[in-house]
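Engineer: Take a look at this one; I'll ask things after.
Please treat every number below as a calculation from the coordinates, not as lab data. As the structure is a computational prediction, the values presented were derived from the model and not from experiment. Reconstructed Cβ throughout: ideal geometry from the backbone, glycine too, with neighbour counts over all protein chains shown.
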Amino acid sequence: MSEDKVYRHPIEKLRDPKRLAFLETDKVVRFCLEGINPRTVLDVGTGSGIFAEAFFHLGLEVTGVDIQEPMLEAARTYVPGANFQPASSENLPFEENAFDLVFLGLLLHESDQPLLTLQESARVCTLRAAVLEWPYKEGGYGPPLRHRIEPERLKSLAASSGFSRVSTIPLKYLTLFLLDK
């Protein structure tokens, strides 16, 4: 991950009530689970565990990975019943088909190798990968346009990674892509 893409603000800022409302966590999780019946979830780039916590509270077995140890420490505090460990999105330390659902929340645009990230997601999931991303347009929030990922590129990368279907769900501020196997 490029240095200009590393999160450098206080971890508490990730759980600011305004940011949590912006993420529409409950709605995102509901869409991620729609039409499938997962038991296990991998939250890649878990950060402070916001989405891991939401999946966990629904009774799912949750594992989260992140490359920043302070993020993992925070996630362990917020979601003590989940498993958190260090790993990059391009090299997931799990066996094939280890998880039913893989969730990437505002992560793919940060990856230096988005194709490899999606290939690894496809390798470790049995049902679906869900990719929450910034819309591909300039806005008053989020990263600059040059760091965002174009929807057609994401769809092409998903197809190259072995996903058979991509659904796009526009949200109020973000976009959710469901990549089905």
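Engineer: Quick check on the range 3-180: of the DSSP beta bridges with both residues there, what percent are antiparallel, nearest 5%?
Structural biologist: Within the range 3-180, antiparallel bridges account for around 40 percent of the total.
Engineer: Also, I was wondering about something else. Is the range 108-181 rounded, prolate or oblate when judged by the Cα gyration tensor, a ≥ b ≥ c being the square roots of its eigenvalues, rounded requiring a/c under 1.5 and prolate requiring a/b larger than b/c?
Structural biologist: prolate
Engineer: Taking the chain as a Gaussian network, where each spring joins two C-alpha atoms under 10 Å apart, which residue of Thr77, Thr126, Thr63 fluctuates the most?
Structural biologist: Thr77
Engineer: Quick one: among Glu69, Glu138, Glu61, which has the greatest mean-square fluctuation in a GNM of the chain with alpha-carbon springs under 10 angstrom?
Structural biologist: In the Gaussian network model the winner is Glu138.
Engineer: Of Ala122, Ser161, Tyr173, which is farthest towards the positive pole of the chain's charge dipole, taken about the Cα centre with +1 and -1 on the beta-carbons of Lys, Arg and Asp, Glu respectively?
Structural biologist: Final value for the positive-end residue is Tyr173.
Engineer: Rounded to whole Hz and in sequence order, give me ³J(HN,Hα) for the range 125-132 from the Karplus expression 6.51 cos²θ - 1.76 cosθ + 1.60, θ = phi - 60°, writing x for Gly and Pro.
Structural biologist: 10, 9, 10, 7, 10, 10, 10, 9
Engineer: I would also like to ask the following. Is there a quick way to get the dipole size of the range 3-180? I mean about its Cα centre, with the Cβ of Lys and Arg at +1 and of Asp and Glu at -1; what is the value in debye to the nearest 20?
Structural biologist: 560 debye
Engineer: Another question, if that's okay. Over all alpha-carbon pairs of the chain, lay out the pair-distance distribution in 10 Å bins, whole %, shortest bin first.
Structural biologist: Per 10 Å bin, starting at 0, the Cα pair percentages come out as 10, 42, 40, 8, 0.
Engineer: Would you mind calculating the relative contact order of the range 3-180 from Cα pairs under 8 angstrom and at least 6 residues apart, reporting the percent as a whole number?
Structural biologist: This gives 18 percent for the range 3-180.
Engineer: Whole-Hz ³J(HN,Hα) for each residue in the range 37-52, computed from phi via Karplus 6.51 cos²θ - 1.76 cosθ + 1.60 with θ = phi - 60°, x for glycine and proline: what do you get?
Structural biologist: My calculation for the range 37-52 gives 10, x, 10, 10, 9, 10, 9, 8, x, 4, x, 7, x, 4, 6, 4 Hz in order.
Engineer: I would also like to ask the following. Can you tell me the FRET efficiency between Glu61 and Asp180 if r is taken as the Cβ-Cβ distance and R0 is 30 Å, rounded to the nearest 0.05?
Structural biologist: Efficiency at R0 = 30 Å is approximately 0.90.
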